[in-house]
2 protein chains.
Amino acid sequence: MGVVKSKRMPRAVRERQMMDAAVRTFGQLGYRAASMDEIAELAGVSKPLVYLYLNSKEELFTACIRREAKALAEAVRAGAQPGLPADRQLWAGLNAFFTHTAENPDGWAVLHRQARTHGEPFASEVAAMRDEIVAFVTGLIGAAAREAHRDRALPDRDVAGLAQALVGAAEALAGWANDTPGVSAKEAAATLMNFSWAGLENLMNGRPWQAQA
Amino acid sequence: MGVVKSKRMPRAVRERQMMDAAVRTFGQLGYRAASMDEIAELAGVSKPLVYLYLNSKEELFTACIRREAKALAEAVRAGAQPGLPADRQLWAGLNAFFTHTAENPDGWAVLHRQARTHGEPFASEVAAMRDEIVAFVTGLIGAAAREAHRDRALPDRDVAGLAQALVGAAEALAGWANDTPGVSAKEAAATLMNFSWAGLENLMNGRPWQAQA
């Protein structure tokens, strides 16, 4: 295929290149310091073309947030395999989360650091993605609690609070793992799995969570 | 004392009034939307006096972050009573944290939402306070782990990761508790204590953490 080389790339491909360059630049330099010149250069296109496709630095940044948020939410959803026992689902979901944030450190920096540190409308974009992940985790914990068949089920509000705690812990750990040389995604996932599933008491007494074969 | 009423208040008192008004305004309206006019009016002083004392909106906001960060860190330190068993120290520290954030919702909004959403130099101010709290929690977990006298102590890196997870969970829960009508500080502290100490498995099986008398 493709014997004739064309200088004209499909718009979608060019746009993806620009977005890749933008995520990298915003993630590493921050929203303010990043310049459209640098983004265009990194993408190998002219600056007017970036403006033509993505309109403005603000719209480009918003598009980056949306793309990275969608990719992260999809990775977590795809990772947590329904049908598994609750602890295995959680383990799979955490692995997916930390693997994605480790493989896309610039995307994670855009979402977690940049999008939240430059006011609106960016903060709302990332809040919407966060709400979606919290809702997903809430469903997971709620299902696990029902599965456990206790006479006294966990009240909805407790489940909601636990989901907030788990998501907050995951966010903090992802930033720490990316900033700390040598901490792998698996290690970060294992730390959080142990923390959230087995609790500190068990950890201190040498009883970590263990995946059943 | 004070039979002669004076219109001249000590500078420290006036400054505190301005800062109180500023924290409330920044916390409720956000850094951008808050105006120096509103802050002056709420403090019951003239706008030039606010500028005379605090220089600029940026310096006023920085002073608010510092004051609120210091107050929160001190509340947590004072709450966690050294000498208690590890779980009781953690429980006391969490109670102090959630009580403080519930009683100072505007201060917490300044630290957690505003300071992190308006770039530098504000983000660094709040990061320094966060690092201090993480270091304190790391010390707490490390001491608890040594106390547990296990042959295989928790590696330092695990302790550091657990501290990150715990602080991230606490931040997320404090925001949720303040935004959710009817969630008390004690309830938020209990949710996090159960989550962090007993773990999800125990919670789902109806084995929450219980304070020993």
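In region A:189-200, which residues are open to solvent by less than 10 Å² (accessible area, probe 1.4 Å) and more than 7 Å from every other protein chain (Cβ to nearest Cβ)? The answer is A:Ala189, A:Met193. You will find that of B:Leu173, B:Leu203, the residue that is modelled with pLDDT of 90 or more, at the interface with chain A (Cβ under 8 Å from one of its Cβ atoms), assigned to a helix (DSSP H, G or I) and crowded, with 23+ Cβ neighbours inside 10 Å is B:Leu173 and no other.
In region A:176-187, of all residues being assigned to a helix (DSSP H, G or I) and farther than 16 Å from A:Ala109 by Cα, the one that is farthest from the other protein chains (Cβ to nearest Cβ) corresponds to A:Lys186.
The single residue among B:Lys57, B:Lys70 that is over 20 Å from B:Leu192 (Cβ atoms), surrounded by 15 or more Cβ atoms within 10 Å (Cβ to Cβ), out of contact with any Ser or Thr (no Cβ under 8 Å at 6 or more places or on another chain) and at pLDDT 90 or above turns out to be B:Lys57. Taken as a whole, the condition of being of a type outside the set (Val, Ile, Thr), open to solvent by 40 Å² or more (accessible area, probe 1.4 Å) and over 12 Å from the mean Cα position of the chain (by Cα) does not apply to A:Pro105. Only one of the numbered conditions (1) of a type outside the set (A, V, I, L, M, F, W, C); (2) within 10 Å of chain B (Cβ to nearest Cβ); (3) open to solvent by 20 Å² or more (accessible area, probe 1.4 Å) is violated by A:Gly139, and that is (2). Among the residues of region A:4-54, those identified as surrounded by 13 or more Cβ atoms within 10 Å (Cβ to Cβ) and among the hydroxyl-bearing types (Ser, Thr, Tyr) are A:Thr25, A:Tyr31, A:Ser35, A:Tyr51, A:Tyr53. Restricted to region B:79-93, and to residues there that are in a helix (DSSP H, G or I) and buried (at least 17 other Cβ atoms within 10 Å of the Cβ), the residue that is farthest from the other protein chains (Cβ to nearest Cβ) is B:Gly79.
Would you confirm whether any residue within region A:116-128 is at pLDDT 80 or above, more than 9 Å from every other protein chain (Cβ to nearest Cβ) and open to solvent by less than 20 Å² (accessible area, probe 1.4 Å)? Within region A:116-128 (the criterion being at pLDDT 80 or above, more than 9 Å from every other protein chain (Cβ to nearest Cβ) and open to solvent by less than 20 Å² (accessible area, probe 1.4 Å)), the answer is yes, since at least one residue qualifies.
The values are calculated or read from the model by the stated rules, or taken from the named source; none is laboratory data. Just so it is clear, the structure is predicted and the values come from calculations on it, not from any experiment. Counting neighbours? That spans all protein chains shown, and the Cβs are built from the backbone with ideal geometry, glycine included. Just so you know, the surface numbers come from the protein's heavy atoms only, side chains and all, with ligands and any DNA or RNA stripped out. Shrake-Rupley method; radii C 1.70, N 1.55, O 1.52, S 1.80 Å.
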